[in-house]
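Chemist: Attaching a single structure in structure tokens format; questions to follow.
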Amino acid sequence: MLVTQQAKQLYADFTQWGNSSQRASKLAAHASRYLQFITRIDIALQQASVPLDQAVLLETFTTQELRQMGLLMQFLVEQGAFLQDAAARRQNSDEALVQSKLKGATGKPWAADLQAFDTALAQRQKPLNVRSRKSYLSAAIALLTAAKVGRATQLKQEAVDALLRSKPGLRASLTPYLSHLASRHGMRLKVPGKRTAPRQSLLPQARYARLLMDAIAGKPPRSTELSLTATLLAHLLNVPLTQILQLRHQDVDWATGLQMRLKDRWMEVPQEVGAFVRALQSPEHLGGSDFNPWVFPGRLISDCLSTSAVSYHLRKYEIPTNRKQARH
């Protein structure tokens, strides 16, 4: 039983919206799940006594739960109650994790040292994104915890070496903290040298690109085509897949398909894939509409395609998600 008038109205409007469209069957199939979400919104509104807006939703639900809302989230977006896209939600989630890590260090003998490092990160001349800040703090905490020291000044090179032997993935994230200790305390801790791996042949990379291009040329369903093309572009431009998925129509030179803007920098696309890029332009954008700005749209208007969705489509075509797994 819903209590607040806002929640009651939301349920009524959402039901009417769903039943008056082609979504009625989907709404009916998941009616109990949608009611559970609206019930949680109702409880949050009772506790806060504020209008239903984006702040309430972000406070009440995790990023994953917001994605699971499906039609309800689409309705909230269309009604203007939720405007933030997936990238911004991830940033908020990362910021919450940063604050959680700092709070978790409270009471530790080295808490002040960690806070000093966080302050130094915030004062960098070049702003640091939240995800990097989270990684650097996590690495610093891992070192201070594993070394079992009272203060950062008691850290020894042996502790650094031992940590990286057990967790080699922290190499890059730990470097900024060691640089901070050198600058602040004159300490000479360093990340041990990495063994040089033999130079890999470029042939497997070319095979992987050809595998993707052949699959795209086979005219797969649109959702699969988007996933294959995004993977191909990330591979050829050597950038994270998330950067490709966050492309908006305004970031692509549609006339040629040979240029796209990633993080405010225009990059050249190989001539051979220009046609694949041009095929990404949505019919709506081609007709002059900018209702959905994403080149790789997700299930919701506010979201781009997710990396998990891309992996799903690659598995359907038996294409490895990692080019290192590609074979002949």
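Chemist: Of all residues being part of a helix (DSSP H, G or I), exposed (fewer than 15 other Cβ atoms within 10 Å of the Cβ) and among the hydroxyl-bearing types (S, T, Y) in region 1-38, which is modelled with the highest pLDDT? Just the residue, please.
Modeler: Restricting to residues being part of a helix (DSSP H, G or I), exposed (fewer than 15 other Cβ atoms within 10 Å of the Cβ) and among the hydroxyl-bearing types (S, T, Y), the top hit is S32.
Chemist: Taking only region 258-277 into account, find how many residues are out of contact with any strand residue (DSSP E or B) (no Cβ under 9 Å at 6 or more places or on another chain) and either farther than 16 Å from L212 by Cβ or loosely packed, with under 15 Cβ neighbours inside 10 Å (or both). Let's see the steps before the verdict.
Modeler: Let us first name the residues in region 258-277 that are out of contact with any strand residue (DSSP E or B) (no Cβ under 9 Å at 6 or more places or on another chain), namely 262-265, 270-276.
Okay, now just the ones that are also either farther than 16 Å from L212 by Cβ or loosely packed, with under 15 Cβ neighbours inside 10 Å (or both), so 262-265, 270-272, 275.
Of the residues in region 258-277, 8 are out of contact with any strand residue (DSSP E or B) (no Cβ under 9 Å at 6 or more places or on another chain) and either farther than 16 Å from L212 by Cβ or loosely packed, with under 15 Cβ neighbours inside 10 Å (or both).
Chemist: Please specify each residue of region 107-152 satisfying the condition of being within 18 Å of A182 (Cβ to Cβ), touching a Lys or Arg at 6+ places or on another chain (Cβ under 9 Å) and of a type outside the set (A, V, I, L, M, F, W, C).
Modeler: D113, D118 - these are the residues of region 107-152 that are within 18 Å of A182 (Cβ to Cβ), touching a Lys or Arg at 6+ places or on another chain (Cβ under 9 Å) and of a type outside the set (A, V, I, L, M, F, W, C).
Chemist: Taking region 281-298 as the search range and keeping residues that are in a loop (DSSP other than H, G, I, E, B) and exposed (fewer than 15 other Cβ atoms within 10 Å of the Cβ), which one is modelled with the highest pLDDT?
Modeler: Applying the first criterion (in a loop (DSSP other than H, G, I, E, B)) to region 281-298 yields 281-282, 287-293, 295-296, 298.
Next cut, exposed (fewer than 15 other Cβ atoms within 10 Å of the Cβ) only: 281, 287-291.
Details: Q281: 90, G287: 73, G288: 71, S289: 64, D290: 60, F291: 59.
For region 281-298, the residue satisfying everything is Q281.
Chemist: Filter region 262-291 down to the residues that are polar (S, T, N, Q) and in contact (Cβ under 8 Å) with a residue 24 or more places away in the chain and list them by number. Show your work before the answer.
Modeler: Applying the first criterion (polar (S, T, N, Q)) to region 262-291 yields 271, 281-282, 289.
Within region 262-291, Q281, S282 meet the criteria.
Chemist: Mind listing whichever residues of region 262-280 are assigned to a strand (DSSP E or B) and out of contact with any Lys or Arg (no Cβ under 9 Å at 6 or more places or on another chain)?
Modeler: Within region 262-280, the first condition is being assigned to a strand (DSSP E or B), and the residues that meet it are 262, 265-268.
Across region 262-280, the qualifying residues are L262, R265, W266, E268.
Chemist: Run Q79 past the list (1) touching a Ser or Thr at 6+ places or on another chain (Cβ under 7 Å); (2) surrounded by fewer than 18 Cβ atoms within 10 Å (Cβ to Cβ) and report the number of the one that doesn't hold.
Modeler: (1)
Chemist: Could you tell me whether region 190-209 includes any residue that is of a type in the set (K, R), assigned by TED's automatic domain parsing to the domain that holds V252 and part of a helix (DSSP H, G or I)?
Modeler: yes
Chemist: Scanning for something free of Cβ contacts under 8 Å to residues at least 60 places away in the same chain and surrounded by 13 or more Cβ atoms within 10 Å (Cβ to Cβ), does region 192-202 turn up at least one residue?
Modeler: Going residue by residue through region 192-202, those that are free of Cβ contacts under 8 Å to residues at least 60 places away in the same chain are 192-202.
Narrowing further to those that are surrounded by 13 or more Cβ atoms within 10 Å (Cβ to Cβ): none.
Scanning region 192-202, I find no residue that is free of Cβ contacts under 8 Å to residues at least 60 places away in the same chain and surrounded by 13 or more Cβ atoms within 10 Å (Cβ to Cβ), so the answer is no.
Chemist: Do you know which residues across region 235-257 are out of contact with any Cys (no Cβ under 9 Å at 6 or more places or on another chain) and part of a loop (DSSP other than H, G, I, E, B)?
Modeler: N238, V239, P240, D253, W254, A255, T256, G257
Each row is one residue, and each column tells you yes or no for (1) of a type in the set (D, E, K, R); (2) under 24 Å from T15 (Cβ atoms); (3) modelled with pLDDT under 85.
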{"position": "L57", "(1), (2), (3)": "no, yes, no"}
{"position": "Q68", "(1), (2), (3)": "no, yes, yes"}
{"position": "N92", "(1), (2), (3)": "no, no, yes"}
{"position": "K103", "(1), (2), (3)": "yes, no, no"}
{"position": "K108", "(1), (2), (3)": "yes, no, no"}
{"position": "L121", "(1), (2), (3)": "no, no, no"}
{"position": "N129", "(1), (2), (3)": "no, no, yes"}
{"position": "I141", "(1), (2), (3)": "no, no, no"}
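Chemist: Separate question: Can you pull out the residues in region 251-268 that are among the β-branched types (V, I, T) and under 23 Å from the mean Cα position of the chain (by Cα)? Give the derivation first.
Modeler: Our first condition is that a residue be among the β-branched types (V, I, T); within region 251-268, this holds for 252, 256.
Listed by number, the list holds a single entry, V252.
Chemist: Quick one: is E95 surrounded by fewer than 15 Cβ atoms within 10 Å (Cβ to Cβ), under 30 Å from F37 (Cβ atoms) and in the same structural domain as W17 (by TED's automatic domain parsing)?
Modeler: Details: surrounded by fewer than 15 Cβ atoms within 10 Å (Cβ to Cβ): yes; under 30 Å from F37 (Cβ atoms): yes; in the same structural domain as W17 (by TED's automatic domain parsing): no.
Considered against the rule, which asks whether it is surrounded by fewer than 15 Cβ atoms within 10 Å (Cβ to Cβ), under 30 Å from F37 (Cβ atoms) and in the same structural domain as W17 (by TED's automatic domain parsing), E95 comes out as no.
Chemist: Going residue by residue through region 57-70, is there one that turns out to be under 30 Å from V130 (Cα atoms) and of a type in the set (G, A, S)?
Modeler: Keep residues of region 57-70 that are under 30 Å from V130 (Cα atoms), which gives 57-70.
The next check asks that each one be of a type in the set (G, A, S); those that pass are 70.
Scanning region 57-70 turns up at least one residue that is under 30 Å from V130 (Cα atoms) and of a type in the set (G, A, S).
Chemist: Right, here's the next one. If a residue must be among the acidic types (D, E) and surrounded by 14 or more Cβ atoms within 10 Å (Cβ to Cβ), how many such residues does region 111-160 contain?
Modeler: Taking region 111-160 as the starting set, the residues that turn out to be among the acidic types (D, E) are 113, 118, 158.
Those still in the list that are surrounded by 14 or more Cβ atoms within 10 Å (Cβ to Cβ) too: 113, 118.
Final tally of qualifying residues: 2.
The values are calculated or read from the model by the stated rules, or taken from the named source; none is laboratory data. As the structure is a prediction and not an experimental result, all values here were calculated from the model. Glycine gets a Cβ as well: all are built from the backbone with ideal geometry, and neighbour counts include every protein chain shown.
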